[in-house]
Every structure is written in structure tokens, then in C-alpha cells.
Ligand SMILES: Nc1ncnc2c1ncn2[C@@H]1O[C@H](COP(=O)(O)OP(=O)(O)OP(=O)(O)O)[C@@H](O)[C@H]1O
Ligand SMILES: Cc1ncsc1CCO
């Protein structure tokens, strides 16, 4: 019977201990902090030393009733009566290990790709160690980093089996919540635990670090473990509009600071749009100030429209701090399909931090989803869009574990369960540059307001962001497209040149009742 609690799986590493810290003392403290299973990993020790370390480690673990697994060496596991072994892809075969080990022994295997997981199931393993999730210095990487976003597909393969899963590779208290949130399949299969090495072993206070891990793991499980959003019954149009009304008033009342890292084409108009909504923009890009800004801003917008490789650090840091501070991250992957550089950058960014909202036109979102149904020309989408935009946007939201906004003649917004189709807007929005980018600024503004509303009402310890990002995104699109309709009808608007200032003015005077009375919204 596999009764192991895989939640906090410690992999030992004596060479990582801080100067002066005794290995057994460190192990005991980590157990006191909540480590629930220990793997003894000794890559350099000879057999006698390995046996001695393993035997004495087991005595410590026995005190806390925590099972011990041995890396690679089946003979050592048998000799010390360990609970089982952990094998790499190039170690002894599972079948041979099974034949040597006593009945009921646990066997786990490292998996770097989906085929490894399928083979592990066939071989009858008890658990898989999926990694590397993050880059790591503790192990010479023999295969590429999978990234948080690659784990879900591997977990889905485990559906319907008893095989448990832990993620491994660079997991720290600082990225744990992001790891747990991101490592869930579209079938809601979540991790059974996380394997940690250096963050605990290299610490002078392993008990304190292990306690932090334990607390975050418990908080994540206490909310909707594995689920993307808190379950809600079908949201009515009236409920949504009432919440949009609240967000518009909250922005006017609180004037949230919206940090925007955006492209050089639209920076000024984005800042002016943000001001017209009643919020404050700050368009900062220096990596050093990302932490400070994250603490004081209401939301972050990351738009890659004109990004250069030297801009990646600030985008990476800004999103990281936003996750740490539970602030919304609105991501606009402008022109992502246009070049390999953009594709790689977007992949890296989305593997580092969790976006709260991803907004794009059909071509951009097709590229992120790996779909060939819609093509792009530079920053523009080509053709008539997806044959079933609702299903597309719902599936992408589920996969990316965030709200997704698909812009176009009709805007589709999904939280992975529900889809709102918004039919406001005007064709003239296609006739000047950066209309999609200002939609991003507007969404970030109302997501900031959603934080202010959600903070008072939600238990958020296990979440990456406060507030209802679905409503924030709907408000952002609605306000902008309703104001665009009003501006486009003005007599002084002769074309795109006169439209943009008119739009800014109409946003400035727009009332919640204008939005509510003109909103054309369907929920499916
Ligand atoms: N034909 C249309 N009718 C009404 N509204 C439209 C139409 N096309 C686009 N819009 C509106 O324009 C806004 C921007 O959407 P669009 O898909 O054009 O963005 P985009 O391609 O990313 O723009 P850009 O690259 O210029 O920033 C959306 O809010 C959408 O509602
Ligand atoms: C035209 C253009 N090029 C890079 S960003 C941008 C603004 C619209 O997305």
C-alpha cells in the first residue's frame, strides 16, 4: 500500500550544506518543519559511506515517522530497509529493481517528457518525479527545462492511474505557489507534492524554510486545489454588469497605480487612456525598480510590442514580483507569431510568472495555443478568426490557467469555465495603431480595481492574485469599446486621427450608466 505523503519531498545534498551545518542536524530540522518524505541522494560517496549515511538518516527519519527512499542504489535500499528507491532514466530498469526489492517497496522514476511518463506507467512505478520545472544548479541538466507550463500535459497522462507525481527542479518558497498553480492539467490533475533540494538543504534554518513550504502547500490545497477558478454558477448578465459598475466606481474613487511595460509605439496613448479612466499610469522599465513598483502598484501590464532582448529582464522581474505580491499581471503578446525571438520570449515569460489575463488578437492567441487555424501578419491577425472562438478561448484559459481575452469584431473573454462575448466596439478601432494595446491598459486598470474589491472579501493565501480577473477583463473591454462607439459617432470625428483624442475625452466623461445601458454581452 502506497500511503506515502508526497507533499514536501526532500532530496538530500550534503555538498549544499551551509558552512558549519551538520548534515543530520539539518535533516532533523527539515523534518520538524514538515518534510513528509526524504530521498537520500549521494552521487560521490562510495558504498560504505553511502550505507552509513543512509542508515543514520533512516534513524533520524524514523523518529518522525517519515519514509526514506534511496536514489539509484537498490542494494543500499535493501540493506537499510528503506521504503523504496528513486531511479533515473539511465539507472537500473524498474522491472529489475522490482524483482530485487521486497514486496510493497516504493519505486519512483525521473521523467523529463511525456514518453517517459507513459513508460513509467507501463513499468508499474509508484510515482514519477517530473522535471526540471525550473533551471537548477543542483544537478547537471541532461535534458531541457520543461517549464511549469509543460507539466500539465504530463500529469494528464496519469489520469485514471494510481501513479503519484512530484515536480522537481529549482522549486523554492518564492516560486512554490506559482509552480503549484501552473502545474495542473486541463483535466484538473494537480501535483501530489514538490521535491526540494537547495532551498532547504542550503539554508541555515531548514526548519523555518520547510515550514514556509508546508504553509504554502496547505494554503494552496485549502482553496480549490487543482481548479483554475472558484466554482461559480452561471453568472447572469445583470450580476456581471453590477460588478462592472463597482469596478468603474472603484477606479474613479481609488485611482489605482497601473505599472505598464509597453511598446514605444503606444506608450503615450496608453498612459493618457489610463488617466482618462481615472487611474495613474507609470511606464517604468528599469529592472532595479521592479520590486519597489510592484509593492505600490495595483496591477502590471506587460506588452512585448517593441521589446528587445535587453528588456526581458525587467519583464521577467516585474511579473515575478507581481506574483509574489499577489498583483494582477495582464499580458499582451503583441505579434508573438512574427518571429522566433518573440515566440521564445513569450514562452520563457509565461514559464516564469503566472499571467492573470492574457489578451491578444486571433493570430497572437493562435500562436500561443500552437494552433494553425489563424495566421498573423506582423502585429495583425489575418482572416476571419476561429471557427469556434468560444471553445478556443475557454480551452486556452484552462490550459494557461488564467483569464483569456480574444479581441476582434466580437471580444471573447473566458475564465476557463464561462465565456463572455462582448459585441461593443467600432470598426474605426482597426484603423489606428495600438487599439489592442490600449485595451490591455484598460484591462489592467480594472483588474487593479478588482484587487481592491477582492482583497476585502476573499481568503487569498493560496491564490496568486486577489480579486475576480474575469470581471476585471470584462470591465476593461466594455468601458473602452462603449466609449469608442460614442466617440465614433461624434460629428467632429472625421477619421482615425480625430478619433483617438475623442476617445480619450469620451472615456474621461463616461459614466457607469452609459456602460451598463450600452453593453452588449452574452454569457455561454
Ligand atoms: N470590426 C470591429 N468592430 C468593432 N470593434 C472592433 C472591430 N475590430 C476590432 N474591434 C475592437 O478593437 C479593439 C482592439 O482589437 P483588435 O483585435 O483590433 O486588436 P489588435 O489587433 O491587437 O490591435 P493592435 O495590434 O493595433 O494593438 C477590441 O476591443 C475590439 O473590440
Ligand atoms: C505597430 C506596432 N509594432 C510593434 S508594436 C505596434 C503597436 C501595435 O501593436
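The values are calculated or read from the model by the stated rules, or taken from the named source; none is laboratory data. Because the structure is a prediction, the values reported are computed rather than measured. Note that we place each Cβ from the backbone using ideal geometry, even for glycine, and neighbour counts take in every protein chain shown.
Entry remark, segment 387-435: residues being surrounded by 24 or more Cβ atoms within 10 Å (Cβ to Cβ), in contact (Cβ under 8 Å) with a residue 60 or more places away in the chain and in a strand (DSSP E or B) number 6 in total. Candidates 421, 395, 449: the one that is under 19 Å from the mean Cα position of the chain (by Cα) and farther than 30 Å from residue 212 by Cβ is 395. Applying the set (1) in contact with a helix residue (DSSP H, G or I) (Cβ under 6 Å, 6 or more places away or on another chain); (2) modelled with pLDDT under 90 to residue 230 leaves exactly one unmet item: (1).
The set of residues from segment 246-270 being touching a strand residue (DSSP E or B) at 6+ places or on another chain (Cβ under 6 Å) and either over 30 Å from residue 309 (Cα atoms) or away from ligand 1 (no atom under 16 Å from the Cβ) (or both) comprises 255, 257, 258, 259.
Of 454, 462, all but one fail to be in a loop (DSSP other than H, G, I, E, B) and away from ligand 1 (no atom under 16 Å from the Cβ); the exception is 462. Under 7 Å by Cβ, and 6 or more places apart or on different chains, what pairs join a residue from segment 264-279 that is over 12 Å from residue 435 (Cα atoms) with one that is near ligand 2 (Cβ under 10 Å from one of its atoms)? Close Cβ pairs satisfying both conditions: 264/306. With the structure loaded, tell me whether residue 379 is within 16 Å of ligand 1 (Cβ to nearest atom) and at pLDDT 95 or above or whether it fails that test. Taking the combined requirement at face value, the residue does not satisfy it. When residue 234 is tested against the conditions (1) surrounded by 17 or more Cβ atoms within 10 Å (Cβ to Cβ); (2) within 21 Å of residue 516 (Cβ to Cβ); (3) away from ligand 2 (no atom under 16 Å from the Cβ), the lone failure is (1).
Could you tell me whether segment 377-386 includes any residue that is within 15 Å of residue 328 (Cα to Cα) and more than 17 Å from the chain's Cα centre (by Cα)? Checking segment 377-386: not a single residue is within 15 Å of residue 328 (Cα to Cα) and more than 17 Å from the chain's Cα centre (by Cα). Counting only strands (runs of 3 or more DSSP E) that sit wholly inside segment 317-386, those with at least 1 residues that are in contact with a helix residue (DSSP H, G or I) (Cβ under 7 Å, 6 or more places away or on another chain) and without any contact (Cβ under 8 Å) to a residue 24 or more places away in the chain are 380-382. Only one of the listed residues (15, 52, 75) is free of Cβ contacts under 8 Å to residues at least 40 places away in the same chain, surrounded by fewer than 20 Cβ atoms within 10 Å (Cβ to Cβ), within 34 Å of the chain's Cα centre (by Cα) and outside any loop (DSSP other than H, G, I, E, B). That residue is 15.
Is it true that some residue in segment 483-498 is within 16 Å of ligand 1 (Cβ to nearest atom), surrounded by 14 or more Cβ atoms within 10 Å (Cβ to Cβ), in the same structural domain as residue 323 (by TED's automatic domain parsing) and under 17 Å from residue 254 (Cα atoms)? No, segment 483-498 has no match at all.
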